[in-house]
Structures are given as C-alpha cells and as structure tokens.
1. Projected onto the charge dipole of segment 25-160 (+1 at Lys/Arg Cβ, -1 at Asp/Glu Cβ, origin at the Cα centre), which of Ala115, Gly131, Gly69 gives the Cα projection farthest towards the positive end?
2. Under unit Cβ charges (Lys, Arg +1; Asp, Glu -1), what dipole magnitude, rounded to 20 debye, does the chain have relative to its Cα centre?
3. Order these by the 10 Å Cβ neighbour count, fewest first: Met1, Met103, Met258.
4. Distance cut-off 20 Å, Cα to Cα: go down the list Lys185/Lys247; Lys9/Lys247; Lys185/Lys234; Lys59/Lys95; Lys9/Lys174 and report the pairs above it.
5. Calculate the spin-label point distance for Ala104 paired with His192, positioning each point 7 Å from the Cα along the beta-carbon direction, and give it in nanometres.
6. How many nm is it between the label spots at Ala229 and Asn168, if each spot is 7 Å from the Cα in line with the beta carbon?
7. Given the convex hull over the Cα atoms of the chain, what projected area results after averaging over all orientations, in nm²?
8. Considering only C-alpha atoms, what is the centroid distance from segment 82-97 to segment 115-151, in Å?
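Values in this text are rule-based calculations from the coordinates and carry no lab data. As the structure is a prediction and not an experimental result, all values here were calculated from the model. Because the Cβ atoms are built from the backbone with ideal geometry, glycine has one as well, and the counts that use them run over all protein chains shown.
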Amino acid sequence: MNYGELLEKRIERAGQVCVGIDPHPNLLKKWGLEQSAASVEEFGLRTVEAAADNAAAVKPQSALFECYGSKGIAALERILHEARQAGLVTILDVKRGDIGSTMAAYARAYLSVGAPLEADAITVSPYLGFGSLQPAIDLAIENGKGLYVLGLTSNPEGPEIQQAKTKNGDSVAKYVVEHAAKVNKSVCGNSHIGPVGIVAGATIGDALARQNINLSNAGVSILSPGFGAQGAGKQELARVFNGVQEKVLASASRSILMNGPTVGGLALAIQNFRSQLFE
Ligand SMILES: O=c1ccn([C@@H]2O[C@H](COP(=O)(O)O)[C@@H](O)[C@H]2O)c(=O)[nH]1
C-alpha cells in the first residue's frame, strides 16, 4: 500500500485529524512528569493510546525528543513503533533538508522499511532547492512513504521567504507546490494522493488565493498545523482551504495535549477537535 492509500484509508476511519506529540517542558509539568527521556516516552505512549481510535495520524515533534539525547531518540523510536502498530499514520516532524547526497542518508534514516526511526512520512524543507529532495522522493516512492514539503508554514516569519517572488514572478511557495504536483502526477496521475504533500498552515489567510496556488489538482495531502494554540479554527479551515478542505489533515499539538495526563481526557480533546472542525 502506498502512502496516499494508507492515509485515505485511515482518514475514512478516523477523520482528517492529526495529533502532534510535542512534550514541551510545561506540558510535562502539567502532566506530573519530570523532564526526562522516560517521561517523554510515557507522554508519547499515552498520546498514541488516546489517538488510536480518534485520529488518522500522529506527528511527533523530533526536536522535543532530541533534547534528551540518545535516550530521547530511543523514546521516539518506541513511540513511532507503537503508533504504527496501533494503525496510526506516523508523520515525523523533523523538517529535514540538505544537499542531495546527505538527503539520501536522512531519507534512509526515516523512510527505510525496518529503520529504527521508520515513519510513514516526514516533513522536509525545500530551501536547498526542490531538486535536493530527489533522493527522499525516490525512496518514498520505492517504499510507499510520504513527504510533506514546507510550502506555506504557519509561523508569521514564513512569508518573507515562502511568498518571495521567483524569476518568473510567481512565489517560492507556488514553485514548491508545482514541483510537488509534477512528482505526484508522474506517480499516480494526480487523481489520488501522491507521495509528496504540502505543509500549509491554517494561519496563512488568503495566501493561496493571492499567489494563485492551486492545490486541487496537485495530488497533495495538505498537512495543516496552526489550529488550536496558534489560533486557527473552523472558520480558517473553510476560508484558507476553500475548495480543498477534503485534502486537509488538520494538526494540533498543545491545545490537545494540555488535556492530559489521562488517556480519557486526551481522547475527548481529540474528538472535540475533530467535531469542532469537521461537523
Ligand atoms: O508550519 C508549521 C510546520 C510545523 N509546525 C509544527 O506543528 C506543531 C504545532 O504545535 P501547536 O502546539 O499545535 O502549535 C509544532 O510541532 C510545530 O513545530 C507548525 O506549527 N507550523
């Protein structure tokens, strides 16, 4: 099964919702956990349990595990493994991007079958040139994995680069989307979700329309952070993604995780997030 098929199947069952696993120090404290690798593992596993029946995907934030060194990475490995066992789509938010030869190694680290940090998809940065991502694209296609390329990120600093104009007058973000669409078309004709998705924050206002970015025929899954703690809600989902809402995988971390530490509290928060956006 390729990434698009996996995601579609899971969304059909549990909705267009992704739960971020971001064990920030203040959340660990709120959950009554100390700051340690064992705690972030506990934090992640409880979140996975809560998401298992209520979300399509989980998105661990790699940085918040890397803080704890090798033990934090081991915790991340276990969480990714358990999430995949639970049938969740795993998107590792690791925002990798490097020259092609190194990108190939990053791709092997996350997108190889049986790798310790194997995920179903990862986030990648196109700012060394879209072509630098080719080794990751190739491995994703080979192994039925996915990539989410940073297109229009949810943070306020994003537009200065992402919405800057390229030589032909189009924005960098439009260029990124067009390249993603080209890959998806070559793999699956754009009628289904292809291996290359786009990160587009729910906080970007009318950026898609202003830059004439068409996501409807691009074969992309749209990973959309910005909900909850960053301020976006149902109105933004409708306005920002007018006409392409069915492609959105809405992601929230802190606004859900603040409802821990119990699995029941987290599960309810995920259900509420889903119903507030999609019902
Ligand atoms: O454009 C982007 C890309 C990634 N993120 C990541 O998503 C979560 C958001 O957390 P919240 O607590 O829901 O704000 C976090 O891991 C970011 O690194 C993003 O916010 N925007």
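1. Gly69
2. With only Lys, Arg, Asp and Glu charged at Cβ, the dipole is about 360 debye.
3. Met1, Met258, Met103
4. Checking Cα-Cα distances, Lys185/Lys234; Lys9/Lys174 exceed 20 Å.
5. Output for this residue pair reads 2.8 nm.
6. Result: 3.9 nm between the two label points.
7. If I average the Cα hull's projected area over directions, I get 13.2 nm².
8. 13 Å
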